[in-house]
Amino acid sequence: MPPAPLLRFEDETLSWDGMAVLEQVTLALSRGERLVLLGRSGSGKSTLLNAIRLRLEAARPAPRLALVPQDPGLVPQLSVFHNVWMGRLDDHSAARGLRVLLRPSRIERDRAAPAIARVGLTGLERRRVASLSGGQKQRTALARALLRGGEVLIADEPVSAVDPRQSGDLLAALADRFDTMVLALHDPARALALGTRIIGVAAGRIAIDRPASALSLADLHALYEG
């Protein structure tokens, strides 16, 4: 018997701020899947992504999640290192968290270094996030997720501020770290290269739910027409 899905929606209506955004949502997520959500701006991708996150957080036992929100959720007054280390903050006591804030050890800096290097921020560990470019801030959020690890990654446009020539490598870093992912993207070509399954959202419905291998760019471009 196959393992039970991590989550399931059955003919549900998903709302945002009290207004129905997506209707008749039927969707399941299994371990090892890489779901990529596509659709025009305002189509409901973020609503669906948020509903998936909430459903996973409410599961018992809840899987360990790593998050890359569209707003990176960084603390601008703190350094790159400290923002990346926040991915592990709930793994330790409040006392250790305060001590790392004031005086991180070499062991803690070394533990964060591979994630920081993987996103191309080596040498900026002590730089305050407020001084970074938009792309560097997004890389910091990616490094935070890489350091945290977990069973599922939830990411909303995680490379939207990054140079397109480098976004593929950063998405590959996420795929190497997380077996199960749910991402909202804006690039159909990247979606086909990364995803195992594509969820296309249009006109308040899930218009596409198919394996990436069964879809073409023309199929996906139809989501953005009209």
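Here, each number is a calculation from the coordinates, and none is a lab measurement. As the structure is a computational prediction, the values presented were derived from the model and not from experiment. Here the Cβ is made from the backbone with ideal geometry for all residues, glycine too, and neighbour counts use every protein chain on show.
Below is a table of values for the structure above.
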| quantity | calculated |
| --- | --- |
| Globularity ratio of the chain, using Cα Rg and 2.2 N^0.38 Å | 1.05 |
| Under 5 Å, built H, 5+ apart or other chain: amide partners of ALA207 | GLY200, VAL201, ALA202 |
| For LEU121, LEU102, LEU35, LEU54, order by how many other beta-carbon atoms lie within 10 Å, fewest first | LEU102, LEU54, LEU121, LEU35 |
| Under the Karplus curve 6.51 cos²θ - 1.76 cosθ + 1.60, θ = phi - 60°, whole-Hz ³J(HN,Hα) for segment 137-154, x wherever Gly or Pro sits | 5, 5, 4, 4, 5, 5, 4, 4, 5, 4, 5, 5, x, x, 7, 9, 9, 10 |
| Cα centroid of segment 87-157 to Cα centroid of segment 1-73, whole Å | 25 |
| Two-site FRET efficiency, ALA203 against SER30, from Cβ-Cβ distance with R₀ of 35 Å, rounded to 0.05 | 0.85 |
| Where Rh is the Kirkwood radius over Cα pairs, Rg/Rh for segment 17-115 | 1.06 |
| Alpha-carbon Rg with Dmax, taken over segment 74-148, Å | 11.2, 32 |
| Rough spin-label spacing in nm, given labels placed 7 Å along Cα→Cβ, for LEU98 and SER41 | 4.4 |
| Label-point gap, in nm, between LEU89 and ARG165 - each point 7 angstrom along Cα→Cβ | 3.5 |
| Cβ-Cβ FRET estimate between ALA222 and LEU54, R0 fixed at 41 Å, reported to 0.05 | 0.90 |
| Given the chain, longest segment not containing exposed loop trypsin sites (Lys or Arg not before Pro) (DSSP; at most 14 other Cβ within 10 Å) | 127-226 |
